[in-house]
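Chemist: Have a look at the structure that comes next, please.
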C-alpha cells in the first residue's frame, strides 16, 4: 500500500509541513485600515482576481518565494526533456510529492474567492497555482494558468492522462519505492519532494505510444499556452479592477496582467506578505495575511447595482 502522508509526523494533515493552525489570525489595525480603503476603492466594480502560491500556504503548501520559504531550484523544461537522469530524478520526486499535494484542502482564502464569484463580484479567477484548490473550494470560472498537478500529457502523441493513472504504472514499475521514501522532507508547490534516492527509479512511458510523459503544468522556461493567456486578458479587460492575492509577481506570466490593468487605468490592489515585482504599479498595497484579507473583503464588499 502507498505510504500515508498523514502518518508522517514531519507533515501536517494536508501532507505538508505546517503549524497545524487552520483558524484565521487577527488582522492588525494597519491591515484593517488598508482593507477598508480597498473596500472603498473596489466597491461598485467587478474584479478580476489573480492568485499565487502565497494563498495556498494556509493549506500547508509551501510557496516558492515567501519570506520563510527555503531556497528552491525548480527544474526547467529544457532540463526535463533533454536529460534522462534529471527526468528520472524529477519523476521519482514527483511520485512521492504528488501524494502529499492531493491531501491538501482549501483554506478560508479559497472559500472567500468562491464567495466573491457566487455573488457576481468577479469576472473570473486567474491562478498561478497548480493545486486545484480553487476549484475544490467551489470556484467555477478558473483559468489554471500554469496547468494542474493532477494531469499528465504525452509530449509525442499529446494524449492526456489522469495523474492517478500514471501513479499506478509507476508503483508497478517501482514496487516499494513509496514506502522507502515515506520520510521525504520538504515538498514544493509543484509536488517536487525532497528525495535523493532516484538513480534506479523507472520512468513510465506513454501507455498509448511509448513516448515521453510530462506532468501537465508549465515548467520554468516553458510558455503558457496562448489560449489561456488570451482568456486571462479578457477577464482583466471585462473587469473594473484587478485584485492580486498571494503572488510575488516575480515571473512575467503573472506580472503581465498587472501591467495590462495598470496601462488600462484600472485600480490594482495587491495583497501579499512582502514586496512584489508589481508594487510600483499598484494603486493599493496590503502587506497582510492573504486568507484573512480575502475573507475580510468577501464579507464587506457590497453587492453590485444592476
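The values are calculated or read from the model by the stated rules, or taken from the named source; none is laboratory data. Here the structure is a predicted model, which is why all the values come from computation and not from measurement. Note: ideal-geometry Cβ built from the backbone for every residue, glycine included; neighbour counts use all protein chains shown.
Chemist: Can you work out which of the residues in the stretch 200-223 that are over 17 Å from residue 158 (Cβ atoms), under 26 Å from the mean Cα position of the chain (by Cα) and modelled with pLDDT under 95 is surrounded by the most Cβ atoms within 10 Å (Cβ to Cβ)?
Modeler: 220
Chemist: Also: If a residue must be surrounded by 21 or more Cβ atoms within 10 Å (Cβ to Cβ), over 14 Å from residue 125 (Cα atoms) and out of contact with any helix residue (DSSP H, G or I) (no Cβ under 9 Å at 6 or more places or on another chain), how many such residues does the stretch 234-261 contain?
Modeler: 0
Chemist: Can I ask one more? What's the number of the only condition in (1) surrounded by fewer than 18 Cβ atoms within 10 Å (Cβ to Cβ); (2) under 28 Å from residue 219 (Cβ atoms) that residue 93 fails to meet?
Modeler: For residue 93, the failing item is (1).
Chemist: What residue, of 108, 70, 5, 9, is in contact with a helix residue (DSSP H, G or I) (Cβ under 8 Å, 6 or more places away or on another chain) and either surrounded by fewer than 24 Cβ atoms within 10 Å (Cβ to Cβ) or at pLDDT 65 or above (or both)?
Modeler: Working: 70 fails: in contact with a helix residue (DSSP H, G or I) (Cβ under 8 Å, 6 or more places away or on another chain); 5 fails: either surrounded by fewer than 24 Cβ atoms within 10 Å (Cβ to Cβ) or at pLDDT 65 or above (or both); 9 fails: in contact with a helix residue (DSSP H, G or I) (Cβ under 8 Å, 6 or more places away or on another chain).
Going through 108, 70, 5, 9 in turn, the sole match is 108.
Chemist: Considering the stretch 271-306 alone, what residues qualify as being under 11 Å from residue 34 (Cα atoms) and out of contact with any helix residue (DSSP H, G or I) (no Cβ under 7 Å at 6 or more places or on another chain)?
Modeler: 287
Chemist: How many residues, within the stretch 114-144, are at pLDDT 95 or above and at positive phi?
Modeler: Looking only at that region, the number is 3.
Chemist: Could you please find all residues in the stretch 145-179 being modelled with pLDDT of 90 or more and assigned to a loop (DSSP other than H, G, I, E, B)?
Modeler: Selection gives 145, 146, 155, 156, 157, 158, 159, 174, 175.
Chemist: Something else about it: Within the stretch 36-50, how many residues turn out to be surrounded by fewer than 22 Cβ atoms within 10 Å (Cβ to Cβ) and either in a loop (DSSP other than H, G, I, E, B) or touching a helix residue (DSSP H, G or I) at 6+ places or on another chain (Cβ under 7 Å) (or both)?
Modeler: The total comes to 5.
Chemist: Does any residue of the stretch 273-288 turn out to be crowded, with 22+ Cβ neighbours inside 10 Å and free of Cβ contacts under 8 Å to residues at least 60 places away in the same chain?
Modeler: So in the stretch 273-288, the residues crowded, with 22+ Cβ neighbours inside 10 Å come out as 276, 278, 286.
Checking which are free of Cβ contacts under 8 Å to residues at least 60 places away in the same chain leaves us with 276, 278.
Among the residues of the stretch 273-288, at least one is crowded, with 22+ Cβ neighbours inside 10 Å and free of Cβ contacts under 8 Å to residues at least 60 places away in the same chain, which makes the answer yes.
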